[in-house]
Every structure is written in structure tokens, then in C-alpha cells.
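Step one of this worksheet: look at the structure below.
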Amino acid sequence: MKTKIAILHGIFMNSAAMLPLKKRLESHSIDWDCKAFQYNSFTFNLNTIFDEIDEFFCDEQDNEFIIVGWSLGGIIAREYLNKKSKQSENVSKIITLGTPHTTSGTAELIARKLPRFCLLKSLSLLATKRKAWEYNCELHSIAGNLNYGFFSILTGGSSDGAVKIDETQIPGMKSHKIFNVNHTGLILSKTVSKAIAGIISKTHHPVNYKNS
């Protein structure tokens, strides 16, 4: 049995940004089949992304399906579950990195102050308010607490420089871990990649709101 891991990048980025994380995860086990998906983070078509994930997860063998999503990628992963395809209903875990699960205060502020087209579809997804995780698969949320980045002046101290820590927490999640990295560091840190590998291999720790 293989573990198939779909990796989704965030806004302003592309699949190349996720390659270091992809390589680190693949190095943990020869049975982990990872794919970093490419899409335009401003003008994406969700159905196109979902069809590509379905194709990757379409396998007659008894494989485990997992999604790792960074920032916006974690929101897209959640939307994928709403598709309710055969493959999406068989996803066992979603692991998110700096994903604003409740809503993005930064996106909400941009929506109020700037023309709505500035982040296009990304803005509406990021600024959508959500109350709880109500899916059969596990949600494991990873956050950063190093407030350094382009949007750090908007997020304040308890953030990764783009997303506030409390925005990465949502009722119903399976686990929550915080690391001393900023938003980009979440996909570059070897420590974070080890934590992701631990979750995938079922050696993760329970909910933890303290700094790691």
C-alpha cells in the first residue's frame, strides 16, 4: 500500500516553491508518492484543480490519500472535500501550514481597503468565515509564530507574518502545533517537514498550543 500525498501551494507562489518539502517527505519512505500541484493562485478554476487531484488519487489499490496545503492551499484542500467525489471522501488526513481556517484578517482588510479584484478568487476564499471542521478526515494544523513578512504590520505579534496563530485554530481539528518560523519558513523548515512526516506516519503528538 502506498501513501499518496497531494501538495498544494499558497498565494503568490507556484508548485516549484513546494519542491523542497516534497523531496523531504519522499525521503522518509519509498511508499510515499508525492505530487506538487500547479495552478494560478489568482485565476484558478477549482473544478480543474479538483479533477487533477482526483486523477492523482484514482488508484485501484488500497492506498492512503493525504493532502498537505500551505496557506491558501489548505483552504483549497477543504473545498476539495466539499466536492464529495469518491476520491475526496477517501482522504484520511489534511495537513495545513499557515492556513487561516476561520478567516484571514489580512484578506478581509484588503477586501475593505482595496479593489476586490486585487486578489481575485483567492481573496474571497481567504476572507470566508468558517466556524468548525466538520469532515470525516483528520485536520492537522501547523502554524508559525515568527512575525516577519510582507504583511507583518497587518497581522501583529501573534502570527507568522501573514496569518495570525488564532486563525489557524478551528474547532474539530485533530492537532495543532506551533513552530518558530514565519509564513514562508513553514515550507522550508526541516523541523516542520519532520513534524509533517510524523503526522503522516501516525507518530504525531496531541494538540499543542505552545511554542515548539
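The values are calculated or read from the model by the stated rules, or taken from the named source; none is laboratory data. Since we're looking at a predicted model, the values are computed, not measured. Note that we place each Cβ from the backbone using ideal geometry, even for glycine, and neighbour counts take in every protein chain shown.
Return the total of residues in segment 76-97 being within 16 Å of S122 (Cβ to Cβ) and surrounded by fewer than 24 Cβ atoms within 10 Å (Cβ to Cβ).
Counting residues in segment 76-97 that are within 16 Å of S122 (Cβ to Cβ) and surrounded by fewer than 24 Cβ atoms within 10 Å (Cβ to Cβ) gives 2.
Would you check if there is a residue in segment 16-25 being within 21 Å of N136 (Cβ to Cβ), touching a Cys at 6+ places or on another chain (Cβ under 9 Å) and either in a helix (DSSP H, G or I) or among the charged types (D, E, K, R) (or both)?
We begin by selecting, within segment 16-25, every residue within 21 Å of N136 (Cβ to Cβ); these are none.
No, because not a single residue in segment 16-25 is within 21 Å of N136 (Cβ to Cβ), touching a Cys at 6+ places or on another chain (Cβ under 9 Å) and either in a helix (DSSP H, G or I) or among the charged types (D, E, K, R) (or both).
Is it the case that some residue within segment 121-140 is surrounded by 12 or more Cβ atoms within 10 Å (Cβ to Cβ), modelled with pLDDT under 70 and part of a loop (DSSP other than H, G, I, E, B)?
Looking through segment 121-140, none of the residues is surrounded by 12 or more Cβ atoms within 10 Å (Cβ to Cβ), modelled with pLDDT under 70 and part of a loop (DSSP other than H, G, I, E, B).
Determine, yes or no, whether C58 is in contact with an Asp or Glu (Cβ under 9 Å, 6 or more places away or on another chain) and farther than 25 Å from A162 by Cα.
no
Looking at segment 43-56, which of the residues that are in contact with a strand residue (DSSP E or B) (Cβ under 9 Å, 6 or more places away or on another chain) and either of a type in the set (A, V, I, L, M) or outside any helix (DSSP H, G or I) (or both) is surrounded by the fewest Cβ atoms within 10 Å (Cβ to Cβ)?
Filtering segment 43-56 for residues in contact with a strand residue (DSSP E or B) (Cβ under 9 Å, 6 or more places away or on another chain) gives 49, 52-53, 56.
Checking which are either of a type in the set (A, V, I, L, M) or outside any helix (DSSP H, G or I) (or both) leaves us with 49, 53.
Details: I49: 21, I53: 25.
So the residue we want is I49.
Working only within segment 70-92, note down all residues that are aliphatic (A, V, I, L, M) and out of contact with any Leu (no Cβ under 9 Å at 6 or more places or on another chain). Full working, then the answer.
As a first pass, look at segment 70-92 and keep what is aliphatic (A, V, I, L, M): 72, 75-77, 81, 91.
Scanning segment 70-92 gives a single hit, L81.
Does segment 57-68 include one or more residues that are out of contact with any helix residue (DSSP H, G or I) (no Cβ under 8 Å at 6 or more places or on another chain), surrounded by fewer than 21 Cβ atoms within 10 Å (Cβ to Cβ) and assigned to a helix (DSSP H, G or I)?
The answer is no, given that none of the residues of segment 57-68 is out of contact with any helix residue (DSSP H, G or I) (no Cβ under 8 Å at 6 or more places or on another chain), surrounded by fewer than 21 Cβ atoms within 10 Å (Cβ to Cβ) and assigned to a helix (DSSP H, G or I).
For segment 92-105, indicate whether the set of residues that are polar (S, T, N, Q), out of contact with any His (no Cβ under 7 Å at 6 or more places or on another chain), at pLDDT 90 or above and assigned to a helix (DSSP H, G or I) is non-empty.
Looking for residues that are polar (S, T, N, Q), out of contact with any His (no Cβ under 7 Å at 6 or more places or on another chain), at pLDDT 90 or above and assigned to a helix (DSSP H, G or I), one finds none in segment 92-105, hence no.
Output the qualifying pairs, or none if there are none: Cβ atoms under 6 angstrom, residues six or more apart or on different chains, first residue in segment 51-69 and under 17 Å from I199 (Cβ atoms) and of a type in the set (F, W, Y), second residue at pLDDT 90 or above and not in a helix (DSSP H, G or I).
F65/K4; F65/V91
If we keep just the residues of segment 20-42 that are over 23 Å from K202 (Cα atoms) and at pLDDT 95 or above, which is surrounded by the fewest Cβ atoms within 10 Å (Cβ to Cβ)?
Of everything passing the filter in segment 20-42, Q38 is surrounded by the fewest Cβ atoms within 10 Å (Cβ to Cβ).
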